[in-house]
Amino acid sequence: MRMASKAILFSYTNYPELNANLEGAGVKMSQDSMLRHGSFTFDLQGISRAASHQIVRHRIASFSQQSQRYVKVTRSYGYLKPPGVPEDLKVPVEIKGHRLDLNFEDVMDLTRQAEEGLVSKGIKAEDSRYLRPNAATTNIVMSMSPRQLIHFFNLRCAPDAQWEIRDLAWSMYAAVRLASPGVFGPLPAADESDYIKKRVSIVEDLVRKGENGFSRTQPGELFRLELQPLLELVHPVETFVRRY
């Protein structure tokens, strides 16, 4: 079953407070310094292993990923189905001379059964998980500086980026635009891409509409930023920002 992913911006540098403290100490921070200092931490939930493998290739960042050793894959939750694979599409497979026509969900269910079957036979979970597909979902915590995030957005918000990580990147970009508008402006890549320029404009409108609700959110609570249907994400990504 296709489930919504979540992008939660739950910790980030409070730049107004930081600047006030620095100015009180006689230090003025330039825009470039703001991009190099500070940190933004996301909790990305329900993303595929295929997407997490792409994310961790961004080396100037910190990651903490959910272990697969004791996380089961089930039919109701546990994998992400690409929207480009039709629900009714079946492909023929042959198992010891027997032909079966299986759809995407059937294959995911087979891998789940096989993995759980190995565990029931006494095989360690850390070995049984080798059957788990790239569609299996995982959770990962990612921390980046603003400068690295902008680099991440320029690459992953591009029209030729893989659909899942592109959806995540736009969701994350909208979150930081809401949380730190003085740090994150239009993406540099918008100067060379009409696709990115148009979407940056959509994000600006959505963030503007969400500002009042965000300002009324109690400190420490999560505010949900609505992005659909205007941002036209390929798959559901729920976007949250913690209020400070």
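The values are calculated or read from the model by the stated rules, or taken from the named source; none is laboratory data. Computed from a predicted structure; not experimentally measured. Because the Cβ atoms are built from the backbone with ideal geometry, glycine has one as well, and the counts that use them run over all protein chains shown. For the accessible areas, the whole protein counts, side chains as well, though only heavy atoms, and no ligand, DNA or RNA atoms are used. Shrake-Rupley method; radii C 1.70, N 1.55, O 1.52, S 1.80 Å.
Assorted remarks:
- Whichever residue in the range 188-224 is assigned to a loop (DSSP other than H, G, I, E, B) and at pLDDT 95 or above and, among such residues, is farthest from the chain's Cα centre (by Cα): GLN218
- Lone qualifier among ALA179, ALA169 - being in contact with a strand residue (DSSP E or B) (Cβ under 8 Å, 6 or more places away or on another chain), small (Gly, Ala, Ser) and closer than 17 Å to PHE10 by Cα: ALA179
- Any hit, the range 83-92, residues being part of a loop (DSSP other than H, G, I, E, B), touching a helix residue (DSSP H, G or I) at 6+ places or on another chain (Cβ under 6 Å), open to solvent by less than 60 Å² (accessible area, probe 1.4 Å) and modelled with pLDDT of 80 or more: yes
- Pair list, Cβ under 6 Å, 6 or more apart: the range 224-243 residue within 15 Å of GLU204 (Cβ to Cβ), other residue open to solvent by 20 Å² or more (accessible area, probe 1.4 Å): LEU230/ILE202; LEU231/ILE202
- GLU238 meets each of the listed conditions (1) modelled with pLDDT under 95; (2) open to solvent by 30 Å² or more (accessible area, probe 1.4 Å) apart from (1).
- Qualifying residue in the range 175-182 (condition: surrounded by fewer than 16 Cβ atoms within 10 Å (Cβ to Cβ) and either aliphatic (A, V, I, L, M) or at pLDDT below 95 (or both)): yes
- Every residue from the range 226-244 that is within 17 Å of GLY46 (Cβ to Cβ) and outside any loop (DSSP other than H, G, I, E, B): VAL237, GLU238, THR239, PHE240
- Filtered residues of the range 143-164 (kept if assigned to a helix (DSSP H, G or I), closer than 16 Å to ARG59 by Cβ and within 13 Å of the chain's Cα centre (by Cα)): LEU149, PHE152, ARG156
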